[in-house]
Amino acid sequence: MGDRVAGKVALVTGGAMGLGKADCEALAREGATVIVTDREVELAHKVADEIGGDAMALDVTDEVQWAEVMRAVAERHGGLDILVNNAGNVIFESIEECSLDHFRLHLDIHVVGTFLGCKYAVPLMKNRHEKIGGGGSSIINMASTAALLGYGNIPAYAASKAAIAGMTRSLAMDFQDKGYGIRVNALAPGGIETPMVMGISGRAGTAPMDIPAGPLAADALGHPQDVAGCVLFLASDDARFLNGLTIPVDNGLYARPHH
Ligand SMILES: NC(=O)c1ccc[n+]([C@@H]2O[C@H](COP(=O)([O-])OP(=O)(O)OC[C@H]3O[C@@H](n4cnc5c(N)ncnc54)[C@H](O)[C@@H]3O)[C@@H](O)[C@H]2O)c1
């Protein structure tokens, strides 16, 4: 147990598995009260039981559910300091294969979900430093290297992740100008071993890969904890001078020249 986010209240979307679950574990380990949300509510409760947190059903595309969740957060926890907009999906399809329904599905989960999360969280997150002290609140949005690099088979996913990077910058400037004390950043992970990636690689339901503890080879997948460590940093007051960024968490992928 540490105290890097001690006394703070955190809400994670898509917290039932994968990166979201690792985020919940890391935030709880460092002292936050964590609200695990997911549309898979039973799994969310299981994670909450494991970490000693709270759990709520939340489909991020549903505005009514966001309003209800934030009402319950205010009632049960008195405010919110950390929001991780993590819930996501991906369907690998070129533009010739991708239906408008599938395109809208990606926009709904990633762009609308992140928009609603930020919109409904602002009243609970602004001016928290005046109430609980510390460096202020932090929103962490989940983008992807697909927001930064060109992958031909995921136009819907890439468009939605690039939109998250743009929204992140806009909100960061708005909240800073208004003096709300809310920083907004995004992470852009490369390939991380989660149920999503296991499904894509045809290993759904099999045991996760054993990601080595030491330095990683250039083509290695990351472990969910590699992203959760960055979420924890951005959530903590150690990151109070970081705002409006979309940060690759990709073992050097974005830095490497491609040809
Ligand atoms: N795993 C990677 O390699 C990788 C890389 C870059 C970005 N990301 C992003 O990280 C985030 C998490 O990915 P993951 O790999 O852990 O995925 P995952 O599929 O393993 O887990 C996603 C979670 O989100 C939940 N979810 C999906 N749609 C939802 C909705 N509408 N409302 C609420 N919950 C919903 C699922 O139930 C699940 O618990 C996503 O935004 C993804 O795009 C992942």
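Just a few scattered comments:
- Test: residue in segment 106-127 that is of a type in the set (F, W, Y), more than 24 Å from V197 (Cβ to Cβ), in contact with a helix residue (DSSP H, G or I) (Cβ under 7 Å, 6 or more places away or on another chain) and in contact (Cβ under 8 Å) with a residue 40 or more places away in the chain: yes
- Failed item, numbered, when E130 is tested on (1) out of contact with any helix residue (DSSP H, G or I) (no Cβ under 8 Å at 6 or more places or on another chain); (2) at pLDDT 95 or above: (2)
- Which listed residue is in contact with a Ser or Thr (Cβ under 7 Å, 6 or more places away or on another chain) and acidic (D, E), from D59, D81, D49: D81
- Residues of segment 192-208 that are within 12 Å of the ligand (Cβ to nearest atom) and not hydroxyl-bearing (S, T, Y): I192, E193, P195, M196, V197, M198, G199, I200, A204, P208.
- Of the residues making up segment 175-199, not one is farther than 16 Å from D23 by Cβ, among the acidic types (D, E) and part of a loop (DSSP other than H, G, I, E, B).
- Applying the criterion of being of a type outside the set (G, A, S), assigned to a loop (DSSP other than H, G, I, E, B) and touching an Asp or Glu at 6+ places or on another chain (Cβ under 9 Å) to the residues of segment 211-248, the residue that is nearest to I154 (Cα to Cα) is L221.
- You will find that of V64, V12, the residue that is in contact (Cβ under 8 Å) with a residue 24 or more places away in the chain and of a type in the set (V, I, T) is V12 and no other.
- Matching residues, segment 127-153, being crowded, with 16+ Cβ neighbours inside 10 Å, in a loop (DSSP other than H, G, I, E, B) and either touching a Phe, Trp or Tyr at 6+ places or on another chain (Cβ under 6 Å) or among the aromatic types (F, W, Y) (or both): L148
- Residues in segment 67-93 that are out of contact with any strand residue (DSSP E or B) (no Cβ under 8 Å at 6 or more places or on another chain) and touching a residue at least 40 places away in the same chain (Cβ under 8 Å): A67, M70, A74, N89, V90, I91, F92, E93.
- Looking across A159, A213, one residue alone is surrounded by fewer than 14 Cβ atoms within 10 Å (Cβ to Cβ), of a type in the set (A, V, I, L, M, F, W, C) and either over 23 Å from E40 (Cβ atoms) or at pLDDT 95 or above (or both). It is A213.
- Criterion (of a type in the set (G, A, S), surrounded by fewer than 17 Cβ atoms within 10 Å (Cβ to Cβ) and more than 11 Å from the ligand (Cβ to nearest atom)) met by exactly one of A28, A72, A48, A32: A72
The values are calculated or read from the model by the stated rules, or taken from the named source; none is laboratory data. These figures come from a predicted structure and were not determined experimentally. Every residue, glycine among them, receives a Cβ derived from its backbone with ideal geometry; neighbour counts consider all protein chains shown.
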